[in-house]
1. Test residue 1 against the stated conditions and say whether it is modelled with pLDDT under 95 and under 16 Å from the mean Cα position of the chain (by Cα).
2. Mind listing whichever residues of the stretch 1-39 are loosely packed, with under 10 Cβ neighbours inside 10 Å, polar (S, T, N, Q) and more than 21 Å from residue 59 (Cα to Cα)?
3. Looking at (1) touching a strand residue (DSSP E or B) at 6+ places or on another chain (Cβ under 6 Å); (2) in contact (Cβ under 8 Å) with a residue 24 or more places away in the chain, which one does residue 11 not meet, given that it meets all the others?
4. Using beta carbons and a limit of 9 Å, which pairs, at least six apart or on different chains, have the first residue in the stretch 19-39 and within 29 Å of residue 49 (Cα to Cα) and the second one loosely packed, with under 10 Cβ neighbours inside 10 Å?
5. Please enumerate the residues belonging to the stretch 18-77 that are farther than 20 Å from residue 1 by Cβ and in contact with an Asp or Glu (Cβ under 8 Å, 6 or more places away or on another chain).
6. Mind checking which residues of the stretch 17-56 are touching a Phe, Trp or Tyr at 6+ places or on another chain (Cβ under 8 Å) and among the aromatic types (Phe, Trp, Tyr)?
Amino acid sequence: MWIKSQNDRPVQPSDLEFSGCHVIVRRDFHLIEATEDMPAHYEYEEWQMMAEQYEVYKNFETLINEQSDALIELAEIISEVE
């Protein structure tokens, strides 16, 4: 499950991190500028899962990306016809 997370410095964490039998996937990075109360840092979504779950996620993500690419290509074809 995706949860909102953040770090404490203006260095973007890695998209993918392996830690023992766990995998951490991160996406939607946003650099937050420093304020009086908080230093500059990154906010992002994070999903911590078991390695077995990651294998399923990885296959699912590939299929979703392929479908997304196909939809974009179809939209471009349709816009050329009009």
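1. Values: modelled with pLDDT under 95: yes; under 16 Å from the mean Cα position of the chain (by Cα): yes.
When the stated conditions are applied, residue 1 passes them.
2. 35
3. The single condition residue 11 does not satisfy is (1).
4. 24/14; 26/14
5. 32, 39, 40, 41, listed by residue number.
6. Scanning the stretch 17-56 gives 29, 42, 44, 47.
The values are calculated or read from the model by the stated rules, or taken from the named source; none is laboratory data. Since the structure is predicted, the reported quantities are computational estimates derived from the model, not experimental observations. Neighbour counts are summed over all protein chains in view; Cβ atoms, including those assigned to glycine, are modelled from backbone coordinates with ideal geometry.
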